[in-house]
Structure formats: structure tokens, C-alpha cells
Amino acid sequence: MRVYGDSISGNCLKVKWTADLLGIRHEWIETSVLEGATRTPEFLAMNPAGQVPLVRYDDGRTLAQSNAIILSLAEGSALIPTDAYQRAKMLEWLFWEQYSHEPYVAVARFQVHYLGKAAAELEPRIVERGKGALKLLDEQLTERSFLVGDALSLADIALVAYTRVAHQGGFDLGDYPAVQRWIARMEEALGI
């Protein structure tokens with residue numbers, strides 16, 4: 001299996017971390033978005049959307065979208081709760097991550113850290129919603145170690161990817177002590 005990913009992307013790293021944690025052999029193909037590697041005819045033939053991460057299985061099939069990929073990789077593992085309600089809660093976090101967290105925390109990080117924009121120049125809505133997402137995470141993690149149940153799940157892997165680098169987007173993680181403790185737990189669990 002080949003994983004086409006950009007190592008600056010949390011969406012790509014969560015695929016790598018899931019595969020590594022589960023001991024799934026894979027070849028990482030560094031695919032720089034900033035250098036246009038996702039816009040080449042060869043890449044677009046595999047993924048017409050021109051996005052990473054992208055998995056190409058040994059039989060030639062491909063799968064895109066980070067959360068679809070990690071769900072596929074983790075099928076039957078302890079990273080997906082067996083209890084129907086807990087599994088639904090995990091999915092709830094995965095959907096929330098892509099709709100209510102990543103568009104603000106990751107976008108702020110990209111603009112500040114990679115495009116050189118001053119944090120003070122970010123669109124106020126991005127900052128407000130990013131802080132709101134971090135606050136919600138902090139509240140959820142105040143009395144629990146993981147987002148779903150008592151064990152690490154895909155929800156934690158998906159959300160730690162950009163949360164751990166939120167400071168690169170101008171967010172002060174010191175305002176979110178439960179999030180900081182969770183990040184430390186996750187980095188230890190993932191070996192990052």
C-alpha cells in the first residue's frame with residue numbers, strides 16, 4: 001500500500017499515524033501541495049480532486065479523504081469502538097473535526113505558518129470559531145482522558161492532528177489545559 005501525503009498536513013499525518021499504530025505496512029510518498037505535486041497529470045489520474053492524502057492499494061484501487069481512509073485502515077481494530085453508541089460518538093467527532101475544527105484551526109495555521117500572514121490579520125470568524133472548537137475540546141477533555149469512552153479511538157487521532165499545532169495558527173494552547181494534557185497523552189501513544 002502506498003500513502004501519498006504531505007507531511008505538513010494533519011489530514012495526511014493522521015493516516016500515517018493510524019497505519020503506524022496498527023502496524024500496517026505502507027510506503028509513504030511525500031506529495032507536496034505547495035510544490036504542486038497534487039496537480040500533475042499522474043497524480044490527477046489517481047485522484048481527480050487533486051488532494052492528499054490518497055491511498056493506493058496494491059491492487060491499484062485508490063481511496064481519498066483522510067477520515068474515510070483511517071476508518072478503512074482501522075476496521076476491526078480497537079480504534080473503532082464495538083459498542084454501537086460509542087462508535088456513533090466516534091463518528092460524530094470525525095464529522096465535527098472536518099466541519100467545525102479543521103476549517104478554522106488548520107486554515108489559521110496554514111495562513112500564518114506557511115503563507116506568512118500575521119495572526120492579527122486572520123479573518124475574525126476563523127479565529128473565533130477556532131477558539132470555540134478548542135474550548136469545546138477542552139471542556140470535553142476536562143474529566144476524561146480520551147474523546148470517546150476510556151480508550152484511544154480514531155476520534156482522538158483525527159483531532160490531535162491539527163490541535164497539536166494550533167499554536168502555529170496563533171492559538172494559545174495555554175488557554176486549554178485539558179487539551180494540552182490530552183495532546184501529551186496522544187503524542188506518547190502515537191510516538192510523535
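Kindly provide the set of residues from the stretch 79-95 that are under 15 Å from the mean Cα position of the chain (by Cα) and among the aromatic types (Phe, Trp, Tyr), ordered by number. Across the stretch 79-95, the qualifying residues are TRP93, PHE95.
Listed by first and then second residue, the pairs linking a residue in the stretch 28-48 that is in a strand (DSSP E or B) to a residue that is of a type outside the set (Asp, Glu), with Cβ atoms under 7 Å apart and 6 or more places separating them unless they lie on different chains, are TRP28/VAL3; TRP28/GLY5; TRP28/LYS16; ILE29/ARG2; ILE29/VAL3; ILE29/TYR4; GLU30/SER7.
With respect to the conditions (1) in a helix (DSSP H, G or I); (2) touching a helix residue (DSSP H, G or I) at 6+ places or on another chain (Cβ under 6 Å); (3) not assigned by the TED database to the domain that holds GLY10, LYS117 falls short on a single one, namely (1). Within the stretch 141-167, the residues that satisfy the criterion of being crowded, with 17+ Cβ neighbours inside 10 Å and assigned to a helix (DSSP H, G or I) are LEU141, LEU154, ALA155, ASP156, ILE157, ALA158, LEU159, VAL160, ALA161, TYR162, THR163, ALA166.
Taking the conditions exactly as written (free of Cβ contacts under 8 Å to residues at least 40 places away in the same chain and within 15 Å of the chain's Cα centre (by Cα)), does ILE157 satisfy them or not? So ILE157 fails the test.
Taking the stretch 47-62 as the range and being in contact with a Lys or Arg (Cβ under 9 Å, 6 or more places away or on another chain) and either surrounded by fewer than 10 Cβ atoms within 10 Å (Cβ to Cβ) or under 15 Å from GLU30 (Cβ atoms) (or both) as the test, the residues that pass are PRO53, LEU54, VAL55, ARG56, ASP58.
The values are calculated or read from the model by the stated rules, or taken from the named source; none is laboratory data. As the structure is a prediction and not an experimental result, all values here were calculated from the model. A quick note on method: Cβ atoms are made from the backbone with ideal geometry, for glycine too, and the neighbour counts reach across all protein chains shown.
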